[in-house]
1. Given the criterion in contact with a Pro (Cβ under 8 Å, 6 or more places away or on another chain), at pLDDT below 95 and surrounded by 12 or more Cβ atoms within 10 Å (Cβ to Cβ), identify the matching residue among GLU121, GLU114.
2. If you go through region 93-110 one residue at a time, do you hit one that is out of contact with any helix residue (DSSP H, G or I) (no Cβ under 7 Å at 6 or more places or on another chain), surrounded by 12 or more Cβ atoms within 10 Å (Cβ to Cβ) and modelled with pLDDT of 90 or more?
3. I'd like the full set of residues that are at pLDDT below 60, open to solvent by less than 40 Å² (accessible area, probe 1.4 Å) and under 26 Å from THR63 (Cα atoms), limited to region 4-51.
4. Please find, among ARG78, ARG83, the residue that is farther than 24 Å from LYS28 by Cα, under 16 Å from the mean Cα position of the chain (by Cα), at pLDDT 85 or above and assigned to a helix (DSSP H, G or I).
Amino acid sequence: GLELSHYVGANSLGPAGPWRSGGPCKMKRVRTVFKPEQLERLEKEFLKQQYMVGTERVDLAATLHLTETQVKVWFQNRRIKWRKQSMEQKAAKLSQFGVIQPASADSTDIKDHEEDPVDVEL
């Protein structure tokens, strides 16, 4: 089988599972670490299509030995990264031509149109 590694703070102790308590504070989400082969395949699929739904997502998850939720969340987060890179490239091109956009407008525009980053595993 495939073993997924998790990053947990050095002081975190507790039951094996996706959630760990670091003390009296909120429960901390354990981050899924993808293997290089999984990331390569996910990136390849993202280049083909930025939205993976239905049986395609189920099949990809099974092929990569991941849950459907892990694949869904990876695609959500990858779309956010792609949009941010697109906005940065657009800003760089505009600055080459002497067009300066207000910094506050950039951050507001991005926040209004992107999905919230999520790291969920079931």
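The values are calculated or read from the model by the stated rules, or taken from the named source; none is laboratory data. Source: prediction; values computed, not measured. All Cβ positions, glycine included, derive from the backbone under ideal geometry; neighbour counts span all protein chains shown. Areas reflect the complete protein model, heavy atoms only, side chains present, ligands, DNA and RNA absent. Shrake-Rupley method; radii C 1.70, N 1.55, O 1.52, S 1.80 Å.
1. Numbers: GLU114 fails: in contact with a Pro (Cβ under 8 Å, 6 or more places away or on another chain).
Of GLU121, GLU114, the one residue that is in contact with a Pro (Cβ under 8 Å, 6 or more places away or on another chain), at pLDDT below 95 and surrounded by 12 or more Cβ atoms within 10 Å (Cβ to Cβ) is GLU121.
2. Our first condition is that a residue be out of contact with any helix residue (DSSP H, G or I) (no Cβ under 7 Å at 6 or more places or on another chain); within region 93-110, this holds for 93-100, 102-105, 107-109.
Filter once more, keeping what is surrounded by 12 or more Cβ atoms within 10 Å (Cβ to Cβ): 94, 109.
Among the residues that remain, those that are also modelled with pLDDT of 90 or more are: none.
Looking through region 93-110, none of the residues is out of contact with any helix residue (DSSP H, G or I) (no Cβ under 7 Å at 6 or more places or on another chain), surrounded by 12 or more Cβ atoms within 10 Å (Cβ to Cβ) and modelled with pLDDT of 90 or more.
3. Answer for region 4-51, where residues must be at pLDDT below 60, open to solvent by less than 40 Å² (accessible area, probe 1.4 Å) and under 26 Å from THR63 (Cα atoms): just GLY17.
4. Numbers: ARG78 fails: farther than 24 Å from LYS28 by Cα.
The match here is ARG83.
This table checks each residue for (1) closer than 30 Å to VAL99 by Cβ; (2) in contact (Cβ under 8 Å) with a residue 12 or more places away in the chain.
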{"residue": "VAL30", "(1), (2)": "no, yes"}
{"residue": "LEU39", "(1), (2)": "no, no"}
{"residue": "VAL53", "(1), (2)": "no, no"}
{"residue": "LEU60", "(1), (2)": "no, yes"}
{"residue": "HIS65", "(1), (2)": "no, yes"}
{"residue": "GLU68", "(1), (2)": "no, no"}
{"residue": "VAL71", "(1), (2)": "no, yes"}
{"residue": "ARG83", "(1), (2)": "yes, yes"}
